[in-house]
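Q: One structure coming up, written as structure tokens, with questions to follow.
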Amino acid sequence: MADCIFCGIVEGTIPSEKLYEDEHVVAFQDIHAQAPVHILVIPKKHIPSVQDVGEEDGFLIAHIFSVINRLAKEHGLSEKGFRIVNNCGDEGGQTVYHIHFHLLGGRTLTWPPG
Ligand code: 5GP
Ligand code: ZN
């Protein structure tokens, strides 16, 4: 997708600190980390937001969660816990319209969000 930052990261035309990659998914460090661990997990497929997820994406979404679990273990978050965030739409705080899941951890995270 032209002009999509995260498609650029998938293709390697925009630099990123990649932590995991396979046929379907890429995970990389968030450029403005909000916690000691702040990783973004995205599908290589350009899906703009959660509102564009269909039944045909079932495998992909399950796979993303499996990759998140793997990253959480690798970063020592499994015992203490972590948070998975998806912002959807303008009022949901979404700024990049290529679906992504934030994996946050390494400190106590407050709730509810602002
Ligand atoms: P959103 O607000 O859409 O849920 O999250 C977008 C996230 O992408 C933000 O946390 C922001 O810091 C991160 N981000 C935006 N542009 C870039 C970039 O070029 N590289 C990386 N690594 N992260 C980015
Ligand atoms: Zn994209």
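Q: If pairing requires two Cys Cβ atoms under 4.7 Å apart, which cysteines of the chain are left without a partner?
A: CYS88
Q: Please work out how much accessible surface THR13 shows to a 1.4 Å probe, ignoring ligands, DNA and RNA, in Å² rounded to 10.
A: Using a 1.4 Å probe on the heavy atoms, I get roughly 100 Å².
Q: Sticking with this structure for a sec: In terms of modelled amide H atoms, which long-range or inter-chain residues lie less than 5 Å from the amide H of HIS24?
A: For HIS24, no residues qualify.
Q: What order do ARG70, ARG83 take when sorted by accessible area (1.4 Å probe), most exposed first?
A: On the way: ARG70 120, ARG83 60 Å².
Order by accessible area, largest first: ARG70, ARG83.
Q: Under a GNM of the chain (C-alpha, springs under 10 Å), which listed residue has the highest mean-square fluctuation: VAL37, VAL85, VAL25?
A: VAL85
Q: Enter the accessible area per residue of the chain (Å², integer; probe 1.4 Å; all protein chains in place).
A: Details: 6940 Å² over 114 residues.
Per-residue accessible area for the chain comes out at 61 Å².
Q: Report the accessible area of VAL50, computed with a 1.4 Å probe over the heavy atoms of all protein chains in place, in Å² rounded to the nearest 10.
A: For VAL50, the solvent-accessible surface is approximately 60 Å².
Q: With Cβ to Cβ distances under 11 Å as the rule, what net charge do the other residues near TYR97 carry (K, R +1; D, E -1)? Write down the numbers at each step before the final one.
A: On the way: positive: none; negative: ASP3, ASP52, ASP90.
Once all neighbours under 11 Å are counted, the net charge is -3.
Q: Between the stretch 85-114 and the stretch 1-31, what is the separation of their alpha carbon centroids in Å?
A: 18
Q: Projecting each Cα onto the charge dipole of the stretch 53-114 (Lys/Arg +1, Asp/Glu -1 at the beta carbon, about the Cα centre), which of HIS98, GLY58, VAL85 comes out farthest on the positive side?
A: VAL85
Q: Calculate how steeply helix 58-74 sits against the longest principal axis of the alpha-carbon atoms of the chain, using the helix alpha-carbon long axis, and give the answer as 0 to 90 degrees to the nearest 10.
A: Long axis of 58-74 versus the principal axis of the chain: about 40 degrees.
Q: Given the DSSP H assignment, sum -39500 (n - 2.57) over each helix run of at least 4 residues in the chain and divide by its residue total; what's the result at 222 nm in deg cm²/dmol, nearest 500?
A: Working: 2 runs with 24 residues, N = 114.
Dividing the helical sum by the residues of the chain leaves -6500 deg cm²/dmol.
Q: Please list 3J(HN,Hα) in residue order for the stretch 14-26, calculated via the Karplus relation 6.51 cos²θ - 1.76 cosθ + 1.60 where θ = phi - 60°; whole Hz, with x for glycine and proline.
A: For the stretch 14-26, the Karplus curve yields 10, x, 7, 9, 6, 10, 7, 8, 9, 4, 10, 9, 10 Hz.
The values are calculated or read from the model by the stated rules, or taken from the named source; none is laboratory data. Remember, predicted model here, so these are calculated numbers, not experimental data. FYI the Cβ positions are ideal-geometry reconstructions off the backbone, even for glycines, and counts take in every protein chain you see. For accessibility, only protein heavy atoms count, side chains too; no ligands or nucleic acids. Shrake-Rupley method; radii C 1.70, N 1.55, O 1.52, S 1.80 Å.
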